[in-house]
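These notes are about the structure you will find just below.
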Amino acid sequence: MRKTQPATGFDLACKWKRNYGGWKVDEAGFILTDLGSLPAAIDAYKQRMGIEEMFRDCKTGGYDLEGTSLKGDRLINMILLMTLAYSSGIFQGTEMRKKQVQKYVSRRKEPNKRYRRRSTFGVGLEGEKWVNYLEKYSDEVEQLMKLTPNKRRFYQQGMRAATLIQSIS
């Protein structure tokens with residue numbers, strides 16, 4: 001917003017929390033919006049953060065598209081393939097969150113952080129890896145469970161979660 005020629009039709013929202021998890025913040029955060037209400041502006045901002053997660057997943061956090069150095073038709077084909085795989089991961093991650101089994105796959109968030117550690121896509125991919133790991137090492141896990149019978153209840157909860165994850169795939 002300008003002082004000399006003010007613009008009309010916009011709302012300005014400001015939030016200034018002086019400390020974020022031990023970090024001292026010197027400036028406030030501002031959102032300039034024409035959506036008409038603060039809740040609508042916050043919802044739009046949350047959707048933008050979902051897009052940022054997608055960019056991270058396609059770059060360094062997942063597929064490393066920039067590292068392929070592809071151009072032209074090969075790049076288009078790679079993006080098409082990534083889109084299909086990414087959609088599958090998103091669908092699986094969404095279902096895992098609905099069934100509340102994502103805590104078995106990856107930590108939801110780090111202790112002192114406000115935001116989750118893994119995107120929905122990451123949860124979907126990790127779920128498949130986790131179930132494959134359980135199948136591969138089931139004999140070893142059973143032997144360990146015989147050594148610590150007091151952990152049997154947690155093991156059974158994990159196996160139920162694995163069954164729910166397999167039903168999603």
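The values are calculated or read from the model by the stated rules, or taken from the named source; none is laboratory data. Fair warning: this is a prediction, and the values are worked out from it, not measured in the lab. Cβ placement follows ideal geometry from the backbone for every residue including glycine, while neighbour counts extend to all protein chains displayed. We work out accessible area using only protein heavy atoms, side chains counted, and drop any ligands, DNA or RNA first. Shrake-Rupley method; radii C 1.70, N 1.55, O 1.52, S 1.80 Å.
A162 meets each of the listed conditions (1) modelled with pLDDT of 85 or more; (2) surrounded by fewer than 17 Cβ atoms within 10 Å (Cβ to Cβ); (3) not aromatic (F, W, Y) apart from (2). Considering segment 143-155, the residues that are in a helix (DSSP H, G or I) and open to solvent by less than 70 Å² (accessible area, probe 1.4 Å) include one that is nearest to Y104 (Cα to Cα), namely Y155. The combined condition, being modelled with pLDDT of 75 or more, of a type outside the set (S, T, N, Q), over 15 Å from S119 (Cβ atoms) and open to solvent by 70 Å² or more (accessible area, probe 1.4 Å), is not fulfilled by L70. Contact map, segment 123-134: first residue over 12 Å from G89 (Cα atoms) and free of Cβ contacts under 8 Å to residues at least 60 places away in the same chain, second residue part of a helix (DSSP H, G or I) and of a type in the set (V, I, T), Cβ cut-off under 8 Å, separation 6 or more or different chains; pairs are W130/V105; W130/I165; V131/I165; L134/V141.
In segment 99-109, is there at least one residue being open to solvent by less than 100 Å² (accessible area, probe 1.4 Å), among the aliphatic types (A, V, I, L, M) and modelled with pLDDT under 80? Break it down stepwise before answering.
Applying the first criterion (open to solvent by less than 100 Å² (accessible area, probe 1.4 Å)) to segment 99-109 yields 99, 101-102, 104-106.
The next check asks that each one be among the aliphatic types (A, V, I, L, M); those that pass are 101, 105.
So of that shortlist, the ones also modelled with pLDDT under 80 come out as 105.
There is at least one residue in segment 99-109 that is open to solvent by less than 100 Å² (accessible area, probe 1.4 Å), among the aliphatic types (A, V, I, L, M) and modelled with pLDDT under 80.
A search for C-beta distances below 6 Å between a residue of segment 59-87 that is closer than 20 Å to F121 by Cβ and any residue that is part of a helix (DSSP H, G or I) and open to solvent by 90 Å² or more (accessible area, probe 1.4 Å), counting only pairs 6+ apart in sequence or on different chains, returns K59/E66.
Of the set (1) modelled with pLDDT of 75 or more; (2) part of a helix (DSSP H, G or I); (3) open to solvent by less than 80 Å² (accessible area, probe 1.4 Å); (4) of a type outside the set (A, V, I, L, M), all apply to G50 but (1).
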